[in-house]
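The values are calculated or read from the model by the stated rules, or taken from the named source; none is laboratory data. Everything numeric here is computed off the predicted structure, so don't read it as measured data. Cβ: placed from backbone, ideal geometry, glycine included. Neighbour counts: every protein chain shown. Note: areas computed on protein heavy atoms with side chains; ligands, DNA, RNA excluded. Shrake-Rupley method; radii C 1.70, N 1.55, O 1.52, S 1.80 Å.
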Amino acid sequence: ASPALAAGDADKVQKVGHGEVNWTQKTVTATGSGAANLKDANVAVARLNAERAAKLDALRNILETIQGIQVDANRSAGDMMSNGEIRSQVQGMAKNFKVVDTKYYSDGSVDVVVQMPIDDALTRAFVQTSADVKPATGGKEQYTGLIINAKAIGVLPSLAPRIVDENGVELYGVTTVSAEALSQGGIASYLRDLQTAKSSPQVGSKPLVVKAMALAKGSKTDLVLAAGDAKLLQDKGIDRSFLTKGKVVIVID
């Protein structure tokens, strides 16, 4: 996908501050503006300085947008960036943003649109998985992935959502996925359309499709599955390595 790929109709895009998070393509995009200093004798120099200022503004805005990302039910990236080490790690990554669009105006001012991926490195700054999760193989391969239809219940996308049964027992979450799952930028992907989800390469050719009953108590990010669906995910007779690998798509509004 090209870095400036326009959001698809089914993409879940969340506006945050001066930027946006595309939870489907796993990107953070922000705009920065720089005004021209008309005291600069040379128009080219004025424009160059405006562009430099716009990039600094864009860096501030992309960091602000990252801070608005929900990590899990209890914490946002902003909460975690109060830790100096995490903050400087994320700042280092944000500095490598790509400029995907530049607009020059007649008054010499400049706008830049910048983007960075929610990739392995950014996800790992906020989310840790258990190092020794073994894929639940051994059964027959019945499903290649999981699609959860969670429309109309007000889900907030996050890097590490939990899926639980009606008793609150975790069926899926950071404790059940391998480190490999984080390389996709969080342990689940989000789409706004069920049909698009069914053809998503993320869940393979034979996804299990279930419907979420509700949000988990006190959470905007975590989902509850009914007993019958929960049982399917706990069935030791089937190969459940699709869960360990994070092959999960959540369909939301």
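With the checklist (1) under 16 Å from the mean Cα position of the chain (by Cα); (2) hydroxyl-bearing (Ser, Thr, Tyr); (3) at pLDDT 95 or above in hand, flag the one item residue 123 doesn't pass.
Among (1) under 16 Å from the mean Cα position of the chain (by Cα); (2) hydroxyl-bearing (Ser, Thr, Tyr); (3) at pLDDT 95 or above, residue 123 violates only (3).
Would you be able to say whether some residue in the range 188-206 is open to solvent by less than 20 Å² (accessible area, probe 1.4 Å), among the β-branched types (Val, Ile, Thr) and without any contact (Cβ under 8 Å) to a residue 60 or more places away in the chain?
For the range 188-206, residues open to solvent by less than 20 Å² (accessible area, probe 1.4 Å), among the β-branched types (Val, Ile, Thr) and without any contact (Cβ under 8 Å) to a residue 60 or more places away in the chain: present.
Considering each residue of the range 76-110, count those that are within 16 Å of the chain's Cα centre (by Cα) and either at pLDDT below 95 or among the small types (Gly, Ala, Ser) (or both), and give that number.
Counting residues in the range 76-110 that are within 16 Å of the chain's Cα centre (by Cα) and either at pLDDT below 95 or among the small types (Gly, Ala, Ser) (or both) gives 4.
Does residue 63 satisfy the condition of being without any contact (Cβ under 8 Å) to a residue 40 or more places away in the chain, hydrophobic (A, V, I, L, M, F, W, C) and not in a strand (DSSP E or B)?
Details: without any contact (Cβ under 8 Å) to a residue 40 or more places away in the chain: yes; hydrophobic (A, V, I, L, M, F, W, C): yes; not in a strand (DSSP E or B): yes.
Against the criterion (without any contact (Cβ under 8 Å) to a residue 40 or more places away in the chain, hydrophobic (A, V, I, L, M, F, W, C) and not in a strand (DSSP E or B)), residue 63 qualifies.
If I ask for residues that are closer than 21 Å to residue 21 by Cβ and either surrounded by fewer than 17 Cβ atoms within 10 Å (Cβ to Cβ) or of a type in the set (Gly, Ala, Ser) (or both), which ones from the range 213-224 would you list?
First, pick out the residues of the range 213-224 that are closer than 21 Å to residue 21 by Cβ: 215, 219-223.
Of everything in the range 213-224, those that are closer than 21 Å to residue 21 by Cβ and either surrounded by fewer than 17 Cβ atoms within 10 Å (Cβ to Cβ) or of a type in the set (Gly, Ala, Ser) (or both) turn out to be 219, 220.
Please find, within the range 131-162, the residue that is most open to solvent (accessible area, probe 1.4 Å) out of those that are β-branched (Val, Ile, Thr) and modelled with pLDDT of 90 or more. If you could, list the steps in order and put the result at the bottom.
Applying the first criterion (β-branched (Val, Ile, Thr)) to the range 131-162 yields 133, 137, 144, 147-148, 153, 155.
Still in the list and also modelled with pLDDT of 90 or more: 144, 147-148, 153, 155.
Details: 144: 28, 147: 0, 148: 0, 153: 46, 155: 22 Å².
Ranking the candidates gives 153 first.
Could you please find all residues in the range 205-216 being closer than 19 Å to residue 71 by Cβ and assigned to a loop (DSSP other than H, G, I, E, B)? Walk me through it before giving the result.
First, pick out the residues of the range 205-216 that are closer than 19 Å to residue 71 by Cβ: 215-216.
Once the filter is applied, which keeps residues that are closer than 19 Å to residue 71 by Cβ and assigned to a loop (DSSP other than H, G, I, E, B), the range 205-216 yields only 216.
State which residue is farthest from residue 35 (Cα to Cα) when the search covers only the range 70-116 and only residues that are in a strand (DSSP E or B) and open to solvent by 60 Å² or more (accessible area, probe 1.4 Å).
Let us first name the residues in the range 70-116 that are in a strand (DSSP E or B), namely 70, 76, 98-104, 110-116.
So of that shortlist, the ones also open to solvent by 60 Å² or more (accessible area, probe 1.4 Å) come out as 98-99, 101, 103-104.
Working: 98: 21, 99: 18, 101: 17, 103: 12, 104: 10 Å.
Per the criteria, the residue is 98.
Can you pull out every residue in the range 163-184 that is closer than 15 Å to residue 240 by Cβ, surrounded by fewer than 19 Cβ atoms within 10 Å (Cβ to Cβ) and among the polar types (S, T, N, Q)?
If the condition is that a residue be closer than 15 Å to residue 240 by Cβ, surrounded by fewer than 19 Cβ atoms within 10 Å (Cβ to Cβ) and among the polar types (S, T, N, Q), then 175 is the only one that fits.
Would you please list the contacts, defined by Cβ atoms under 6 Å and residues six or more apart or on different chains, that run from a residue in the range 145-160 that is part of a strand (DSSP E or B) to a residue that is open to solvent by 20 Å² or more (accessible area, probe 1.4 Å) and small (Gly, Ala, Ser)?
Listed by first residue and then by second, the contacts come to 145/204.
Scanning the range 10-41 for residues that are over 18 Å from residue 111 (Cβ atoms) and of a type in the set (Asp, Glu), which turns out modelled with the highest pLDDT?
11
Spot the failing condition for residue 227; the list is (1) in contact (Cβ under 8 Å) with a residue 60 or more places away in the chain; (2) open to solvent by 10 Å² or more (accessible area, probe 1.4 Å); (3) touching a helix residue (DSSP H, G or I) at 6+ places or on another chain (Cβ under 9 Å), and only one is missed.
(3)
Please enumerate the residues belonging to the range 236-253 that are more than 22 Å from residue 214 (Cα to Cα) and either open to solvent by 30 Å² or more (accessible area, probe 1.4 Å) or among the polar types (S, T, N, Q) (or both).
First pass over the range 236-253, keeping only residues more than 22 Å from residue 214 (Cα to Cα): 236-242, 244-245.
Selection gives 236, 237, 240, 241, 244, 245.
If we scan the range 31-44, do we find a residue that is in a helix (DSSP H, G or I), in contact with a strand residue (DSSP E or B) (Cβ under 7 Å, 6 or more places away or on another chain) and not polar (S, T, N, Q)? Spell out how you get there, then give the answer.
Start the filter on the range 31-44 by keeping residues that are in a helix (DSSP H, G or I), which leaves 43-44.
Narrowing further to those that are in contact with a strand residue (DSSP E or B) (Cβ under 7 Å, 6 or more places away or on another chain): none.
Checked against the condition, which is being in a helix (DSSP H, G or I), in contact with a strand residue (DSSP E or B) (Cβ under 7 Å, 6 or more places away or on another chain) and not polar (S, T, N, Q), the range 31-44 yields no hits at all.
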